[in-house]
Amino acid sequence: MSNTHNDTAMDAYWMPFTSNREFKNDPRMLATAKGMYYTTTGGDQVMDGISGLWCCNAGHCHPHIVKAIQEQAAELDYSTAFQIGYPATFRLAERLARLAPEGIDSVFFTNSGSESVDTALKMALGYHHARGEGHRTRLIGRQRGYHGSGFGGTSIGGIGNNRKAVGSLLAGTLHFRDSVDLERQSFSRGQPQWGAELADDLERVIVTNHPSTIAAVIVEPFAGSAGVLLPPVGYLERLREITRRHGILLIFDEVISAFGRLGYATAAERFGISPDIICVAKGLTSGTVPMGAVLVDNEIRRTIIDSSPSGIEFFHGYTYSGHPLATAAAHATLDVYADEGLFNRVQILESIWEDAIHSLSEKPNVIDIRNLGLVGAIELEPRPENPSARAADIFKLAFDNGLLVRATADIIALAPPLIIQESEVSHLIETLGNALDQVR
Ligand SMILES: Cc1ncc(COP(=O)(O)O)c(C=O)c1O
């Protein structure tokens, strides 16, 4: 594909989570977007099979969201949220509280998933401190979990490559095992039937370190960045039971699972589980303006606020918390989700999506296919001499053939915008199928 760039600009930009050397030898550049499609700088159409990066749930450049952002930019560009309010942000908090599971009715604004996670971890510690259990300082995450790039999120995350060069990280972070056993779960349709007992590894970590030292457990309801790792039936329920029994907070990192990805406002709602804190971002503004939020059980908020007789109760926040532009984008995005019934659409599409993605099971090198809501993953046998290269080759070939997917290790992840039509599901699967056939 042709691209417009010069070598100095190529050199200046240090790209995130990218093989900079490889990219700069063979760049892929986008120019515009509309609905389900990007257009490259060379004029080629590329179907978006991953909602940008798990975020553009309403599709690209939705006119209602575009208009809201344009109008807001001309009306109020910035206002601090430290000691000053902007009414639309309060209304947004109220809207989000209504979408959250019962009992979660307090909202703290951030600018990203990473900030939401770090905020949630600090809230958990602050809560125990406020109720006189300041000895609960340990935080538990899960192997292969991804919770962003902040020091908190990296510490609690369980992906070795993200941790290898950054020293000892946050003290007191622990990890339990992930929810995957391919031998017993591969090619499951929807949630694997086997594996609820894998949650018991959490109990092992808690008991080994003594429950009274643990503040919170954080998990993604399904792990996305590590390659779509799904919770077996009954698994999340077990995590909830174990944490509750030991007085430990359960944080759901719903940065990619919220806002319709699984057919509901939150995965917590889909699974009927009440975590104490939910981290969101991405789909909150359909990726248009950076914004995250932490949705918190009111009891946690009240405990922290009541413990401080005067002055600032929670010494935490960001210059851009509740930014007016992001606020406008979020309101408009929530309008679109509701007006177009996009969460419900996913419930209707789910079985069509499931059949479509599982039709790739006989393709070369495929060792597992996973699906839930409008999420999918195809796991490939790694090349013995070069793990991850097969998925990377498929990613590049699919892009050249007009489809954007995400490759992590030897897993191809899919999460198209919730507006996808049935015919576009077929096109996506056919394009990916051709790439799987061609890459050996
Ligand atoms: C579950 C989860 N948490 C946190 C993050 C970090 O979000 P951000 O990149 O907006 O900081 C991500 C990003 O993919 C994520 O998937």
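For the range 1-57, applying the loop criterion from DSSP together with a ceiling of 14 other beta carbons within 10 Å to the chymotrypsin sites (Phe, Trp or Tyr not before Pro) yields 13, 14, 17. Does the range 247-356 come out rounded, prolate or oblate by the C-alpha gyration tensor, with a ≥ b ≥ c the root eigenvalues, rounded set by a/c under 1.5 and, if not, prolate when a/b is larger than b/c and oblate if not? Here the range 247-356 falls in the oblate category. Directionally averaged projected area (the range 336-382, Cα convex hull): 3.7 nm².
On a per residue basis, the convex hull of the C-alpha atoms belonging to the range 80-194 measures out at 182 Å³.
Taking the DSSP bridge list for the chain and keeping only pairs wholly inside it, about 65 percent are antiparallel. For the range 374-420, the convex hull drawn through the C-alpha positions has a volume of 57 cubic angstrom per residue.
Within the chain, the whole DSSP H helices whose Cα atoms reach 20 Å or more along their own axis and whose mean Kyte-Doolittle score is at least -0.5 are 113-130, 324-339, 342-358, 422-438. The calculated P(r) of the range 139-229, using every Cα pair and 10 Å bins from 0, goes 16, 46, 30, 8 in percent. Sites count as exposed loop sites when they are GluC sites (Glu not before Pro), lie in a DSSP loop, and have at most 12 other Cβ atoms within 10 angstrom; the longest stretch of the chain without one is 103-361.
Cβ crowding within 10 Å, taken as a proxy for footprinting-reagent exposure, orders 10, 123, 36, 29 from fewest neighbours to most as 29, 10, 36, 123. Scaled against 2.2 N^0.38 Å for its residue count N, the alpha carbon radius of gyration of the range 321-440 is 1.23.
Expressed as a whole percent, the proportion of Cα-Cα pairs in the range 1-132 lying more than 21 Å apart is 65%. Over 13 Å apart: what share of the alpha carbon pairs of the range 231-302 falls there, rounded to a whole percent? Beyond 13 Å sits 67 percent of the P(r) for the range 231-302. Of all lysines in the structure, those lying under 29 Å Cα to Cα from residue 396, and not within fewer than 8 positions of it along the same chain, are 24, 34, 164, 282, 363.
For the chain, the dipole from Cβ point charges (+1 on Lys and Arg, -1 on Asp and Glu) about the Cα centre works out to 840 debye, to the nearest 20. A Förster distance of 25 Å, applied to the separation of the beta-carbon atoms of residue 200 and residue 53, puts the FRET efficiency at 0.15. Here the range 67-339 is treated as a sphere whose radius is the Kirkwood value from Cα pairs; by Stokes-Einstein at 10 °C and 1.306 mPa s it diffuses with a coefficient of 83 µm²/s. Using C-alpha pairs below 8 Å separated by at least 6 residues, the relative contact order for the chain is 22 percent.
For the range 134-209, the list of trypsin sites (Lys or Arg not before Pro) that fall in a loop by DSSP and count at most 16 other C-beta atoms within 10 angstrom reads 164, 189. The mean sequence separation of alpha-carbon pairs under 8 Å and at least six residues apart, normalised by the residue count of the range 109-181, gives a relative contact order of 30 percent.
Distance from the Cα centroid of the range 229-288 to that of the range 44-112 is 19 Å (rounded to whole angstrom).
FYI, it's all coordinate maths here, none of it is from the lab. The structure displayed is predicted, hence computed values, not measured ones. Here the Cβ is made from the backbone with ideal geometry for all residues, glycine too, and neighbour counts use every protein chain on show.
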